[in-house]
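The values are calculated or read from the model by the stated rules, or taken from the named source; none is laboratory data. Remember, it's a predicted structure, so these values are computed and weren't measured experimentally. Positions of Cβ are backbone-derived with ideal geometry, glycine not excepted, and every protein chain shown enters the neighbour counts. We work out accessible area using only protein heavy atoms, side chains counted, and drop any ligands, DNA or RNA first. Shrake-Rupley method; radii C 1.70, N 1.55, O 1.52, S 1.80 Å.
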Amino acid sequence: MPIVGLEAVRYGVDDVETAARFFTDFGLDARESTPTGATLAVAGEGTRIELRKQNDSSLPEAVESGPTLREIVWAVSDKAALQQVAAELTRDRKITEDADGRLHVMGPGGFGLAFEVTKAKRETAPPDRSQHPANERLRGYERAQPDHLGHMGVYTPNIDEMAEFYKRLGFTVSDVIKGAGIFVRAPGSINHHNLLIARRPNPGMQHLSLRVSDIDELGVGMTQLIMKGWKRLWGPGRHRPGSDMFVFFQNPAGSTIEYHCDEDFIVDVSKWTAREFEPRGISHWGGPPPAEMVGGSGLGGPLGGGAPAGPPR
């Protein structure tokens with residue numbers, strides 16, 4: 001299944017203007033804005049964040065109350081790939097097609113999913129991140145401007161069921177948090193993961209993550225968001241699974257959002273071995289996540305350190 005990553009994330013929100021302002025401050029480009037909805041894009045790449053009022057009839061039902069994720073839009077390489085996805089999912093699910101040729105289906109855990117032929121620019125190799133060559137001064141950044149809609153996380157009571165669903169679509173397991181989470185990667189992506197499936201009794205959104213170039217751009221974005229009054233929740237730090245540096249903020253569109261950089265890339269899946277990490281070992285440094293981010297999920301822990309437990313069984 002040639003699914004190549006995320007194409008868009010659709011939110012249902014109670015305050016479109018505030019949510020759109022947050023994403024603009026975060027570094028996305030405003031593409032459309034009305035009292036009932038807004039679309040923002042990742043500059044250069046063309047992936048999207050779509051904001052709609054919570055009662056918008058085009059949105060699937062929410063799995064939790066309040067502003068939150070309503071639909072994950074996965075990108076496929078071409079129309080033939082879209083037909084492959086449809087053939088697989090119609091075996092046990094009802095699929096609808098909208099006027100733009102996008103497929104919609106209810107995924108495990110009650111999450112709305114869509115699949116569309118990608119219009120975004122797609123990476124086939126890790127980007128060059130040399131920003132400070134010899135004999136030159138650090139150029140720095142005027143503002144953060146993410147260049148990639150990297151990954152997201154969702155909560156579900158049954159992480160194995162959801163993981164099996166994505167394996168049907170060609171996703172592979174990159175790493176595992178013992179008893180608490182599974183990182184999966186789309187078959188056409190070179191990212192460490194495109195989705196974290198995290199265990200929690202009640203389903204919901206866990207986080208959304210957009211990539212910046214390096215720690216300097218991450219720091220600029222973090223500082224500017226703080227100065228504009230947005231709430232930082234966790235970080236900076238560096239994860240163990242995925243190796244990425246991170247900082248998390250509260251997201252008025254729902255749950256949390258992350259700047260990340262310097263992550264692992266998987267360009268040859270045959271040379272990658274998934275590992276199993278203890279829940280308290282999700283960060284090399286940066287401390288454990290606050291309780292308000294992970295309450296009841298088993299992610300993180302009081303120590304926020306520790307070595308991986310070895311390959312998953």
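List of remarks:
- Checking residue 63 against (1) open to solvent by less than 60 Å² (accessible area, probe 1.4 Å); (2) within 21 Å of residue 5 (Cα to Cα), the condition it does not meet: (2)
- Segment 254-300 - residue that is in contact with an Asp or Glu (Cβ under 7 Å, 6 or more places away or on another chain) and not in a loop (DSSP other than H, G, I, E, B) and, of those, farthest from residue 237 (Cα to Cα): 275
Quick grid of which residues meet (1) open to solvent by 10 Å² or more (accessible area, probe 1.4 Å); (2) in contact (Cβ under 8 Å) with a residue 12 or more places away in the chain; (3) touching a helix residue (DSSP H, G or I) at 6+ places or on another chain (Cβ under 6 Å):
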position	(1), (2), (3)
128	yes, no, no
145	yes, yes, no
153	no, yes, no
161	yes, yes, yes
202	yes, yes, no
205	no, yes, no
210	no, yes, no
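- Residue match in segment 193-203 (condition: outside any strand (DSSP E or B) and under 17 Å from residue 261 (Cβ atoms)): yes
- Residue 276 being under 30 Å from residue 15 (Cβ atoms) and in contact with a strand residue (DSSP E or B) (Cβ under 8 Å, 6 or more places away or on another chain): no
- Restricting 153, 140 to residues that are of a type in the set (Gly, Ala, Ser), closer than 24 Å to residue 210 by Cα and assigned to a strand (DSSP E or B) narrows the list to 153.
- Taking segment 108-148 as the range and being in contact with a Lys or Arg (Cβ under 8 Å, 6 or more places away or on another chain) and at pLDDT 95 or above as the test, the residues that pass are 112, 114, 115, 116, 117, 146, 147, 148.
- Yes/no for residue 36 being on the phi < 0 side of the Ramachandran plot and surrounded by fewer than 23 Cβ atoms within 10 Å (Cβ to Cβ): yes
- Flag for residue 66 being at positive phi and either touching a Gly at 6+ places or on another chain (Cβ under 9 Å) or modelled with pLDDT of 95 or more (or both): yes
- Sole exception among (1) of a type outside the set (Lys, Arg); (2) crowded, with 19+ Cβ neighbours inside 10 Å; (3) at pLDDT below 95 for residue 218, by number: (3)
- Any chance residue 170 is in a loop (DSSP other than H, G, I, E, B), open to solvent by 10 Å² or more (accessible area, probe 1.4 Å) and in contact (Cβ under 8 Å) with a residue 60 or more places away in the chain: yes
- Of all residues in segment 1-33, those being closer than 22 Å to residue 225 by Cβ, crowded, with 18+ Cβ neighbours inside 10 Å and not small (Gly, Ala, Ser) number 10.
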